[in-house]
1. How far is the Cα center of the stretch 1-30 from the Cα center of the stretch 45-103, in Å?
2. Hey, rough spin-label estimate for residue 118 and residue 80, points 7 angstrom out along Cα→Cβ, what's it come to in nanometres?
3. Once the piece of chain linking residue 61 and residue 30 is laid out straight, how much longer is it, given 0.36 nm per residue of separation minus the C-alpha distance between them?
4. To the nearest 10 degrees, how steep is helix 63-72 against the longest Cα principal axis of the chain, on a 0 to 90 scale?
5. Over 10 Å intervals from 0, what percent of Cα-Cα pairs in the chain sits in each interval?
6. Compute the angle between helix 26-41 and the longest alpha-carbon principal axis of the chain, please, reported from 0 to 90 degrees and rounded to the nearest 10.
7. Before rounding to the nearest 500, sum -39500 (n - 2.57) across all DSSP H runs of length at least 4 in the chain and divide by the residue total; then give [θ] at 222 nm in deg cm²/dmol.
8. What number in nm² do you get for the stretch 13-91 if you take the convex hull of its Cα atoms and divide its surface by four?
Ligand SMILES: [Zn+2]
């Protein structure tokens with residue numbers, strides 16, 4: 001069985017010296033790190049939903065105190081639906097941006113592949129999104 005591709009979340013190496021994290025303490029720091037991984041994996045755009053907190057904090061004691069420390073130090077910000085990791089968009093693109101990027105790459109690749117087979121006089125192919133009309137050929141959209 002093929003495993004899912006790994007996903008990574010940026011962690012600024014200077015976070016160790018971040019006064020907010022140091023003042024919040026090591027207990028809160030662990031929750032903060034888990035929150036980063038959770039937000040990235042769940043594509044939440046940096047939001048920790050209240051209903052996810054139990055899962056994120058599994059095995060941790062004094063969870064409300066840890067949350068309070070992160071909020072006090074402005075590492076997390078209270079939101080109606082839970083909390084927001086305040087530095088999130090400094091290091092992470094929004095989920096929508098990532099989707100758009102992926103789509104642009106897919107279209108670019110389709111046009112490149114179409115150009116290759118077309119220049120050899122091959123096609124149309126049912127597997128080619130340009131041949132099927134799902135993706136516009138480059139000449140129709142370029143130069144505008
Ligand atoms: Zn084609």
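Values quoted throughout were computed directly from the atomic coordinates according to the rules given, and no laboratory measurement underlies them. These figures come from a predicted structure and were not determined experimentally. Note that each Cβ is placed from the backbone with ideal geometry, even for glycine, and that neighbours are counted across all protein chains shown.
1. Distance between centres, Cα-based: 12 Å.
2. 4.8
3. Taking 0.36 nm per residue and subtracting the Cα distance, the gain is 10.0 nm.
4. 80
5. 10, 30, 21, 15, 14, 10, 1
6. Helix 26-41 sits roughly 20 degrees off the main axis of the chain.
7. For the chain, the value works out to -14000 deg cm²/dmol.
8. Taking the Cα atoms of the stretch 13-91, their convex hull projects to 4.8 nm² on average.
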